[in-house]
Amino acid sequence: MRLKTITIALVSLITGGIRAQEVNIIPQPVSVKQPGMAANFNITNATVIVLEGNGMENSVSFFNDYLDRFYHFKLKVEKNSTSKNVIHLNYERMDKTVAGAYHLSVRNNGIYIAGDNETGVFYGIQTLIQLLPANATNTKLGIPYVVIDDYPRFGYRGLMLDVGRHFFPVEFIKSYIDLIAMHKMNTFHWHLTDDQGWRIEIKKYPRLTEVGAWRNGTVIGHFPGTASDNKKHGGFYTQEEVKDVIAYAKKRYVTILPEIEMPGHASAAIAAYPWLSCFSNEPTKNSPNAADATKAATGKQVQETWGVFEDVFCAGNDSVFTFLQDVLTEVTALFPSSYVHVGGDECPKTNWKRCPKCQARMKLLGLKTEHELQSYFVQRMEKFVNSKKKKMIGWDEILEGGLAPNATVMSWRGEKGGIEAAKQNHDVIMTPTTYVYFDYAQSKLEDSLVIGGYLPMEKVYGYEPIPAVLTTAQGKHIMGGQSNIWTEYMDNAGKVQYMIFPRVDALCEVLWSPKEKRNYKDFETRLQSQFKRYDFQGIHYSKASLETSATQ
Ligand code: TNX
């Protein structure tokens, strides 16, 4: 027997067959190899971080901030070291189609993390964080010996947040971005405008936030509700705050996709500037069934209840296009993302049908239906977005009446829109209600106020973003997926976390891990470790998945 083999045999004997500490990472890495024996490397305050390349300082300070926050110590960073008590960070070429590949090994001579770029190093650090013990009883953090090779399956791994229905402060947005990064997701879709609130400062149109960011009440209970709470609700992000959030996200390798809704969901903008409507003199109509429908509306109002509203941007008035272009000029200058989302969903055509300007435009352009008018609207905005060197994304309604030539489609009404767009050789982001709407209930026993529906975690886990009907070439247009978090029934941070976890865990694995690696039973086991991390970090989550299947 060779010496090495004898040593291993001896160590196994001494440790008395103690099984290696389980490595439970979410999302499941491409490959995890553990030695048969139980052995740990200990991170202590004497451990040194050694950087073998430039541009890793960001990941290091992220890691040190994490250690400091939860274990109350930080590590020294050095250029080189002969010590065995080290964490080495390095770059290695990994040639994967999607950025973010990394390698991590934990051995007796230290921890080694290599990324194929900065993002890869960051994901290696995220995995290392999951290997830390989820308690802070001492300053010796045992990390099991392991060798991990990992890279993402899809390039777009997103989470949306609707800040229109309820406003969430900057601190919460930052913590949301941290949670996105923790799950190795890379896009935060910021739904910034809706009927119930306009949330981003636009310098040229100050009334958008002076007026449009505030509503005089919110419907109580499930729509149509029992009454209005008559409390002023609102808030907005200044451009300085937006810049700060963008910089924060960048350090976590998260891109922010801004969304400015048009032509529908425009009540808040119209309340600020009534001339954006086809009928500027008509007072706002509330949803006919809403509890506050009897409230006498004077003039245009920011909506106080939920639903789809008929007062939309006028498609016959050129000043409306100028306004939207001005807004997008400021938005595209602010956000570095190569994409801008222009909404496009749920736009009733009622006003356009009776608006002389809209009808005149249709006649002039030979448009036969109001759907074609919406298509004209979106295509005109796409030209503008492209002129700003950005690409446009819209909800799947933008397919109706003819798709804008370069648009990416976000498929939410099931997978149909995504399939159709991919067949037309357009890029697609899959966000179907059936699998990824986390505003739906996750338990049949749900006792908090939610929009309805039923979407248990197991169903999310079973989602396959590339529809089987697509050819391989068409399937390449599926950039990835995301969950849309609509906040009609979420008005605080804890509720948002409760609604999204652990379903985000299931989703991140769908988007990151190889299809053949997905195994629900194994996921459920790993999830128990994730729950300990959530408890340790003070993150709320639903325990619905722990209920027996009979009651779920
Ligand atoms: C549909 S999904 C909407 C939202 C609602 C959501 C509620 C989409 C593009 N539009 O305006 O909040 O349903 O689930």
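The values are calculated or read from the model by the stated rules, or taken from the named source; none is laboratory data. Since this is a predicted model, take the numbers as computed values, not measurements. Here Cβ is always computed from backbone atoms with ideal geometry, including for glycine, and neighbour counts include all displayed protein chains. For accessibility, only protein heavy atoms count, side chains too; no ligands or nucleic acids. Shrake-Rupley method; radii C 1.70, N 1.55, O 1.52, S 1.80 Å.
Descriptive notes on the structure:
- With θ taken as phi - 60° and the Karplus curve 6.51 cos²θ - 1.76 cosθ + 1.60 applied, the whole-hertz 3J(HN,Hα) list for the range 495-506 is 5, 4, 4, 4, 6, 8, 9, x, 5, 5, 4, 5 Hz, x standing for glycine and proline.
- Surface/4 estimate of mean projected area, convex hull on alpha-carbon atoms of the chain, nm²: 28.4
- Distant-in-sequence amide contacts of Thr255, defined by a placed amide H-H separation under 5 Å and a gap of 5 or more residues or a different chain, comprise Thr187, Phe188.
- Placing unit charges on the Cβ atoms only, positive for Lys and Arg and negative for Asp and Glu, gives the chain a dipole magnitude near 1060 debye about its Cα centre.
- Taking the chain as a whole, the Cys residues whose C-beta sits 4.7 Å or farther from every other Cys C-beta are Cys347, Cys508.
- Nearest-10 value in Å² for the accessible area of Asp194, using the 1.4 Å probe: 0
- Taking Lys and Arg as +1 and Asp and Glu as -1, the other residues whose beta-carbon sits under 12 Å from that of Thr47 total +3.
- Taking a Cβ cut-off of under 14 Å around Lys203, the surrounding Lys, Arg, Asp and Glu residues balance to a net charge of -3, with basic ones at +1 and acidic ones at -1.
- Gain on full stretching of the segment that runs from Lys231 to Ser338 - 0.36 nm per residue minus C-alpha separation: 34.7 nm
- Phi to ³J(HN,Hα) by Karplus 6.51 cos²θ - 1.76 cosθ + 1.60 over the range 346-358, Hz, x for Gly, Pro: 6, 10, x, 9, 3, 5, 4, 5, 10, 8, x, 5, 5
- Area accessible to solvent at Met430, 1.4 Å probe radius, in Å²: 0
- Separation of alpha-carbon centers, the range 161-214 and the range 481-499, rounded to whole Å: 13
- Taking a Cβ cut-off of under 13 Å around Arg518, the surrounding Lys, Arg, Asp and Glu residues balance to a net charge of -2, with basic ones at +1 and acidic ones at -1.
- Accessible area expressed per residue, the chain, with surrounding protein chains retained (probe 1.4 Å, Å²): 41
- Label-to-label distance, nm, for residues given as Ser175 and His371 (7 Å Cα→Cβ offset): 4.4
- Carbon + sulfur, % of accessible area of the chain - ligands and nucleic acids excluded, 1.4 Å: 53
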